[in-house]
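Every number in this text was worked out from the coordinates using simple rules, so none of it is lab data. None of the values given here were measured: they were computed from a predicted structure. Positions of Cβ are generated from backbone atoms using ideal geometry, with glycine treated the same way; all protein chains shown enter the neighbour counts.
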Amino acid sequence: MSQELKILLVVVTTTLFHSHVAFASDPDPVLDFCVAFKDSATATTTTNPSCKNSSAVTVEDFTFSGIKFPGNYSQTGFSAMPVNSNVFPGLNTLGMSFVRADFGVGGINVPHFHPRATETAFVLEGRIYSGFVDTNNRVYAKVVEKGEIMVFPRGLLHFQMNVGDTPASILGSFNSQNPGLQKIPSAIFGSGIEEKLLEKAFGLNAKEIAKLRNRFLSH
Ligand SMILES: *[C@@H]1O[C@H](CO)[C@@H](O)[C@H](O)[C@H]1NC(C)=O
Ligand SMILES: *[C@@H]1O[C@H](CO)[C@@H](O)[C@H](O)[C@H]1NC(C)=O
């Protein structure tokens, strides 16, 4: 193989690889829309539903009123109401979804990430200390005010805390119909990982691990 050909191959392979990475996202739709069937037995859709017969589709399939009001606060003073294709079947195949989140005074959204989506968080009310951590453990964080937006890159750890003296709200948008959510505290301490491993990983004793497990199990 000539030197020129080798160089060309490397360039082509590298370009292909990078364009694959750059365009990785939900697949393009092949229909105008594909309203997912609700599985009435479980009140959620299956992960790969077929489309509702379009002659039975109405405008009601494309509207959603489940986030008019805030949800109930968790013990961290936070409420999140995800609006993905599971709760809003009209979003199915359209490659996007969103979340309404509300914060009591001092409320926090614990460190978490979305494996399948980048998120933009638009502050509707309040002042929210918001940030993410890149893969070099560098933190990008500041107080984001009403009317401002922060972006959390796909798959990166991020967090928020209401630092104002009134309740705060955001609308988060995702470039996936099913972004996924992994909360770090419950993924680590609430998931049933062998206790010995957690003790070694965090330099804690059995009693301290038990306390954390108790707090995060089933949250
Ligand atoms: C969709 O509904 C229409 C009207 O009820 C019916 O004629 C058609 O056969 C249905 N299509 C499919 C694929 O079931
Ligand atoms: C909030 O809690 C009340 C009382 O337990 C309950 O009736 C209501 O459905 C809850 N709201 C949500 C959005 O879960």
Members of the range 70-85 that are more than 12 Å from ligand 2 (Cβ to nearest atom) and among the hydrophobic types (A, V, I, L, M, F, W, C) | Phe78, Val83
Evaluation of Val133 against (1) within 16 Å of ligand 2 (Cβ to nearest atom); (2) touching a His at 6+ places or on another chain (Cβ under 8 Å); (3) not polar (S, T, N, Q) (one fails), failing number = (1)
Within the range 59-116, how many residues are out of contact with any Ser or Thr (no Cβ under 9 Å at 6 or more places or on another chain), closer than 25 Å to Ile188 by Cβ and of a type in the set (Val, Ile, Thr)?
-> 1
Flag if Phe62 is free of Cβ contacts under 8 Å to residues at least 60 places away in the same chain, of a type in the set (Phe, Trp, Tyr) and surrounded by fewer than 18 Cβ atoms within 10 Å (Cβ to Cβ) = yes
